[in-house]
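Notes to accompany the following structure.
The values are calculated or read from the model by the stated rules, or taken from the named source; none is laboratory data. Small disclaimer: the values here were computed from a predicted structure and weren't measured. Quick reminder, even Gly has a Cβ in these numbers, built from the backbone with ideal geometry, and neighbours come from all protein chains shown.
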Amino acid sequence: MKNNYILVTPIKNEEKNLPFLFKSIKEQTIKPVLWLIIDDGSSDNSTKLINEQSKKCDYIVYKRNEPQKWDLAFHYHEMLSNGFKENIIFGKFIKVDLQNKDKIEKIISEFKPDIIVHFAGLISVPDSVKKPAEYYENNFVGSLNLIESAIKNNIKKFIFSSTAAVYGIPKNNFVAENAELNPINPYGNSKKMVEELLKDVKKVNPKFNYIILRYFNVAGSDPHMVTGNRQKVKLNLIPIIINNILNKKNEIKIFGNNWNTPDKTCIRDYIHVTDLVKAHLEVINLLDNSFIFNVGYGKGSSVLEVIEAIEKVTKTKIKRNFVARRAGDPECLIADNSKILSLTNWKPLYNNLNIIVKTAWDWENKNL
């Protein structure tokens with residue numbers, strides 16, 4: 001059976017390895033005829049996807065956020081606010097904004113994909129607090145337009161990139177998919193709203209199936225060093241520390257040293273980007289039904305453990321600067337991943353903090 005796909009992607013800078021998805025699709029003899037990539041061009045996720053698979057694609061469609069002044073043809077201009085022309089190697093480009101429902105409907109109507117994979121969205125928690133309306137417009141309204149267009153064109157399979165931020169501050173350290181959703185910022189709430197939308201759409205369109213993937217702390221980089229995080233302003237712990245080291249600032253600010261954890265610092269579930277991408281491939285096979293999955297390793301690393309791993313890989317001593325707790329930080333957030341492990345063939349390959357750190361470090365050093 002031939003399958004057409006639409007991949008809608010922002011993309012997050014941590015999500016870098018969708019070519020592995022294509023490689024696996026090829027190995028499993030699922031033949032994607034057409035991928036439409038609706039993207040802001042900023043992520044290594046779509047980068048690797050394009051580089052590996054675009055020769056088989058008729059079109060690659062990019063999402064355009066009007067305020068960001070994208071100029072999309074066969075290259076990018078330096079006006080890009082988040083994207084990088086190095087991320088685009090192959091493909092024909094169509095410029096479109098998810099806010100432009102008419103254009104989205106026209107594209108979906110023309111290409112009739114079998115599956116839509118929707119990564120697109122703004123992802124910064126602090127930004128979402130400062131600019132909530134922008135996050136709801138981009139993340140929710142854009143998704144609403146896409147989902148409505150899919151239903152109108154009888155697209156029955158949809159994969160949505162969500163986040164562990166929908167849980168807020170959970171009651172238990174290990175969080176299962178049926179835990180209470182209580183996001184504490186506009187970013188998490190905008191993702192929760194899209195999840196609820198998908199559930200409601202399913203109620204009135206029984207043949208429409210979705211899979212929601214709730215990412216935990218995505219980190220690391222492409223082991224093959226084809227693409228990686230090119231953003232100059234780093235947003236997450238591992239890239240922030242590595243960036244500090246490369247800029248001769250061997251220190252890091254730690255928010256609190258009085259948490260109820262073994263070393264008194266916060267604990268998070270870090271997952272390598274390659275394993276994250278492989279999870280997308282595995283769930284495609286379940287799209288005859290609807291599911292929600294956590295995507296994490298089911299084990300946590302504290303802030304101090306991350307620092308120690310970076311010191312080991314980089315052979316650099318990092319000064320710890322403890323400051324007051326940050327409002328809204330969960331003490332411990334670890335995925336209960338038993339559901340995805342039991343219902344799919346997903347088998348993490350990079351479940352090691354040192355590997356995650358080394359791939360991130362190697363990428364940054366390659367691109368000094």
For the stretch 105-119, pairs from a residue that is under 13 Å from Ile151 (Cβ atoms) and surrounded by fewer than 22 Cβ atoms within 10 Å (Cβ to Cβ) to a residue that is at pLDDT 85 or above and basic (Lys, Arg), with Cβ under 9 Å and 6 or more apart or across chains, are Glu105/Lys152; Ser109/Lys152
Within the stretch 275-303, of all residues that are of a type in the set (A, V, I, L, M, F, W, C) and not in a helix (DSSP H, G or I), the one nearest to Asn321 (Cα to Cα) is Val295
Within the stretch 276-332, residues among the basic types (Lys, Arg) and closer than 30 Å to Val201 by Cβ come out as Lys278
Scanning the stretch 339-351 residue by residue, those loosely packed, with under 15 Cβ neighbours inside 10 Å, among the polar types (S, T, N, Q) and outside any helix (DSSP H, G or I) turn out to be Asn345
- Message: So, Leu287, is that one of a type outside the set (Lys, Arg) and surrounded by fewer than 22 Cβ atoms within 10 Å (Cβ to Cβ) or not?
- Response: yes
Checked the stretch 135-155 for anything surrounded by fewer than 20 Cβ atoms within 10 Å (Cβ to Cβ), within 23 Å of Asn185 (Cα to Cα) and either free of Cβ contacts under 8 Å to residues at least 40 places away in the same chain or not β-branched (Val, Ile, Thr) (or both); matches are Tyr136, Glu137, Leu144, Asn145
Out of (1) under 20 Å from Asn217 (Cα atoms); (2) of a type in the set (D, E, K, R); (3) surrounded by fewer than 16 Cβ atoms within 10 Å (Cβ to Cβ), the one Asp102 does not meet is (1)
Within the stretch 323-355, the residues that are within 29 Å of Lys264 (Cα to Cα) and among the polar types (S, T, N, Q) are Asn337, Ser338, Asn351, Asn352, Asn354
Only one of Val175, Val273, Val204 is out of contact with any Asp or Glu (no Cβ under 7 Å at 6 or more places or on another chain) and of a type in the set (A, V, I, L, M), namely Val204
Residues of the stretch 352-368 being out of contact with any helix residue (DSSP H, G or I) (no Cβ under 6 Å at 6 or more places or on another chain) and surrounded by 22 or more Cβ atoms within 10 Å (Cβ to Cβ), in sequence order, are Ile356, Thr359, Trp363
Asn182 vs (1) under 27 Å from Asp329 (Cα atoms); (2) of a type outside the set (A, V, I, L, M); (3) surrounded by fewer than 24 Cβ atoms within 10 Å (Cβ to Cβ); (4) in contact (Cβ under 8 Å) with a residue 24 or more places away in the chain: all pass except (4)
When every residue in the stretch 226-274 that is in a helix (DSSP H, G or I) and hydrophobic (A, V, I, L, M, F, W, C) is compared, the one nearest to Asn294 (Cα to Cα) is Val273
Flagged in the stretch 185-219 as surrounded by 21 or more Cβ atoms within 10 Å (Cβ to Cβ) and among the β-branched types (Val, Ile, Thr), in numbering order, are Val194, Ile211, Ile212, Val218
Q: Could you check, for the stretch 224-233, whether at least one of its residues is farther than 23 Å from Tyr297 by Cα and among the basic types (Lys, Arg)?
A: yes
